[in-house]
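Asker: Questions regarding the structure given below will be posed in turn.
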Amino acid sequence: MDVFRFVDPLPVDPATRDFLDTLVKYPTVLREVGTSFLIDRLKDLLSDGNEAQRVCDVASAILRVAREPSDFRTSLSHTADDLVHIALTLQRLPQTRSAGLKLFEDLMELEVYAVATTLGELDRRLPSSPN
């Protein structure tokens with residue numbers, strides 16, 4: 001997983017795609033190592049307009065592993081804001097809108113603190129409806 005620490009940004013090439021697809025296929029490797037640099041690289045890919053569906057798949061794999069009993073779930077607290085950012089960005093893209101919503105709902109189900117903060121901020125943005 002050190003590749004995510006040393007390679008910034010990730011190249012958008014077949015090797016990167018294969019590597020990310022392998023993480024989705026074998027997500028237990030995510031539990032054994034930290035994901036902070038991985039999540040940073042996923043955010044970079046997404047902000048550059050690349051690989052939205054693949055980013056969604058990897059982020060979803062991270063959350064699937066987080067549901068399993070382990071200390072990994074606690075380590076997500078360090079990357080919660082970034083995962084929420086990824087989920088919201090995916091919701092803005094037509095091709096990943098529903099997957100981004102599912103990712104956000106999964107974060108809510110895991111009771112990630114950053115989700116509650118984000119919901120509070122979004123709620124304050126909505127205009128008050130007249131009674």
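Asker: How many residues, within segment 90-112, are modelled with pLDDT under 90 and either at positive phi or surrounded by 14 or more Cβ atoms within 10 Å (Cβ to Cβ) (or both)?
Answerer: 7
Asker: For segment 69-88, how many residues are over 17 Å from residue 37 (Cβ atoms), modelled with pLDDT of 70 or more and surrounded by fewer than 14 Cβ atoms within 10 Å (Cβ to Cβ)?
Answerer: Of the residues in segment 69-88, 0 are over 17 Å from residue 37 (Cβ atoms), modelled with pLDDT of 70 or more and surrounded by fewer than 14 Cβ atoms within 10 Å (Cβ to Cβ).
Asker: State which residue is surrounded by the most Cβ atoms within 10 Å (Cβ to Cβ) when the search covers only segment 23-57 and only residues that are among the hydroxyl-bearing types (Ser, Thr, Tyr) and in a helix (DSSP H, G or I).
Answerer: In this case the residue turns out to be 36.
The values are calculated or read from the model by the stated rules, or taken from the named source; none is laboratory data. In this text the structure is predicted, and so the values were computed from the model without any measurement. Cβ coordinates were reconstructed from backbone atoms using ideal geometry, including for glycine residues, and neighbour counts include every protein chain displayed.
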